Protein chains: 2
Amino acid sequence: MQYPKDSRPVGDLRSNMDAYGISAELQNQFTRSITFHGITAPGVFIAVFMVDYCLELLGAHPRERLYAISETYRCVPDPVQVVTGCTFGNHRLQVIPIGKFALTMNRPADTPETEGVRVYVDADKLKDFPLINAWYTHSPGFSSLNMIYPLIDEILKAGRDILSVQRVRVHVPLKQSWKSVRCSSCGELVPDMMVEGKVCRGCGPASYYEVISPC
Amino acid sequence: MQYPKDSRPVGDLRSNMDAYGISAELQNQFTRSITFHGITAPGVFIAVFMVDYCLELLGAHPRERLYAISETYRCVPDPVQVVTGCTFGNHRLQVIPIGKFALTMNRPADTPETEGVRVYVDADKLKDFPLINAWYTHSPGFSSLNMIYPLIDEILKAGRDILSVQRVRVHVPLKQSWKSVRCSSCGELVPDMMVEGKVCRGCGPASYYEVISPC
């Protein structure tokens, strides 16, 4: 299959956004998300549309106190953090690595479960968008060398047309109480629920480094 | 034990930073990190010092292409993302949930392993800082109602005095090749390595929601 290739300069994206009727607010969210992400990645544009759709379905303001679950580490967490203020460090964003461009958002709740909305890239809707389909399915025919800007253009044109939505019921995690204990191996302090036996997870199953020397 | 309590307005933090000789660049990193995080959390200030220390040990510029591993979801990921540009969505930050205020950073490498630096809150150094010690060890004597600003002040005064550093060897993850497959249960597309049997992880072990209805 032949896909369209790059023939336009980057700057044209902005005028295409105007032509596709993309609001100034969304354009601003693209800019802030790409700046945070560090590269002009196609997935960031899709994720901005996903966040915007979630907020609309919830009837929520971007800076309202919300919770988010992304089903992938690819791109999606960055617009979620930038646009909604749900971050990893404030515990309002988590990733459950399922491998899908899907995002669930909900309001805070005092109950063990609550209702939220899930927005996802719908495989059946990708048929009308050959470049997005090739990129999303990691097709060997897709080249990130010269198809990125035509792809982004197709994403901008598609907007929500590649997304589907569900109302879902999600579990609300309880805040765990903990006390601090010292690992019998490294001597560092960790919360007690992070210790298996007397050894912290860093000295046990989650070990990821060897010490060369103190600096 | 009696800890100092709030007696000063928030605005005094800035003049204390000047008094403690904290550079304008670090002060700017505090502001950006707190804005991103959404609340004036003590851990964010410690994490900014940790990031700054890592960068200095690596001799790196904040916007250089680096990789980071945080050993906790608490606060630390946010300054890492804001200051270094290592984000979850661009795969240059990962969290290994060990429960420690510890951060490892390294440069890109073509080898399976590379050297990095690990900066961590050192339990033995907390003895001289009663509020930080009480907060970090989750002591029942610590009240987040009226000790947060005295705590932040102690953190600003301590700077790197509560941190220790190690040179470490870390594993460099290989980029995995994958193809897209359709889950036999939900029908959505996922990378093949995210499928167990013919079912995606979202329909299997990582299931986190029940569908109420399409929207």
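Any read-out appearing in this document is the output of simple, stated calculations on the displayed coordinates, not a laboratory observation. Quantities reported herein were computed from a predicted structural model and do not represent experimental measurements. Ideal geometry is used to build each Cβ from the backbone, glycine not excepted, and the neighbour counts take in all protein chains shown.
If you take each beta carbon of peptide B:114-123 and count the beta carbons of other chains within 10 angstrom, what is the mean? Working shown, then result.
Working: counts 0, 2, 2, 2, 6, 1, 4, 2, 3, 8.
Going residue by residue through B:114-123 and averaging, the value is 3.
Restricting attention to the alpha-carbon atoms of segment B:12-171, what are Rg (one decimal) and Dmax (integer), both in Å?
15.3, 50
Taking only the alpha-carbon positions of segment B:176-215 and ignoring solvent, what does the Debye formula give for the base-10 log of I(q)/I(0) at q = 0.25, 0.31, 0.32, 0.34 Å⁻¹?
-0.82, -1.06, -1.09, -1.16
What are the label-to-label distances in nm, one decimal and shortest first, from A:V211 to the same spot in the other copies, with labels 7 Å along Cα to Cβ?
5.2
Report the full-extension gain for the segment A:S143 to A:S207: residue separation times 0.36 nm, less the Cα-Cα distance, to one decimal in nm.
19.4 nm
Given the options B:E154, B:E196, B:E115, state which has the largest fluctuation in a GNM of chain B using a 10 Å cut-off (strictly under) for Cα springs.
Judging by the Gaussian network model, the answer is B:E196.
With a 10 Å radius around each residue's Cβ, average the other Cβ atoms per peptide and rank A:179-192, B:67-80, highest first.
Highest to lowest by the protection proxy: B:67-80, A:179-192.
Can you tell me how much longer the chain between A:R169 and A:I39 gets when fully stretched, taken as 0.36 nm per residue apart minus their C-alpha distance, in nm with one decimal?
Using 0.36 nm per residue and subtracting the Cα-Cα distance, I get 43.4 nm.
Divide the volume of the convex hull of the Cα atoms of segment B:120-215 by its number of residues and quote the answer in cubic angstrom per residue.
That works out to 247 Å³ per residue.
Just to be sure I understand: with springs between alpha-carbon atoms less than 10 Å apart, which residue in B:N106, B:N146, B:N90 has the highest mean-square fluctuation in the Gaussian network model of chain B?
B:N90
Using just the helices of chain A, give the 222 nm mean residue ellipticity in deg cm²/dmol: DSSP H runs with n ≥ 4 each add -39,500 (n - 2.57), and the total is spread over all residues, rounded to 500.
Working: 5 runs with 57 residues, N = 215.
After summing the helix terms and dividing by residue count, I get -8000 deg cm²/dmol.
When every alpha-carbon pair in the protein assembly as shown is counted, what percent end up more than 42 Å apart? Please report the intermediate quantities before stating the final value.
Values: 15379 of 92235 pairs.
Summing the P(r) of the protein assembly as shown above 42 Å gives 17 percent of all pairs.
If you build a Gaussian network model of chain A, linking Cα atoms that sit under 10 Å apart, which residue out of A:I162, A:I22, A:I46 swings the most?
Looking only at A:I162, A:I22, A:I46, the largest GNM fluctuation is found for A:I22.
Which semi-axes, in whole Å and largest first, does the equivalent ellipsoid of segment A:27-74 have when worked out from the alpha carbon gyration tensor as the square roots of 5 times its eigenvalues?
Values: eigenvalues 76, 32, 19 Å².
Square roots of five times the eigenvalues give 19, 13, 10 Å.
How long, wide and thick is segment A:55-97, going by the Cα atoms along their three principal axes, in whole angstroms, largest first?
Dimensions of segment A:55-97 along the principal axes of its Cα atoms: 27, 20, 14 Å.
Among the aspartates and glutamates, which have Cα under 17 Å from the Cα of B:K127 when same-chain residues fewer than 8 positions away are ignored?
Within the straight-line limit of under 17 Å, B:K127 reaches these aspartates and glutamates: A:E188, B:D153, B:E154, B:D161.
Distance check, please: which entries in A:K175/B:K125; A:K125/A:K157; A:K175/B:K157; A:K157/B:K175 exceed 22 angstrom between their Cα atoms? List each step's numbers first, then the result.
Working: A:K175/B:K125 28 Å; A:K125/A:K157 14 Å; A:K175/B:K157 31 Å; A:K157/B:K175 31 Å.
Flagged as over cut-off: A:K175/B:K125; A:K175/B:K157; A:K157/B:K175.
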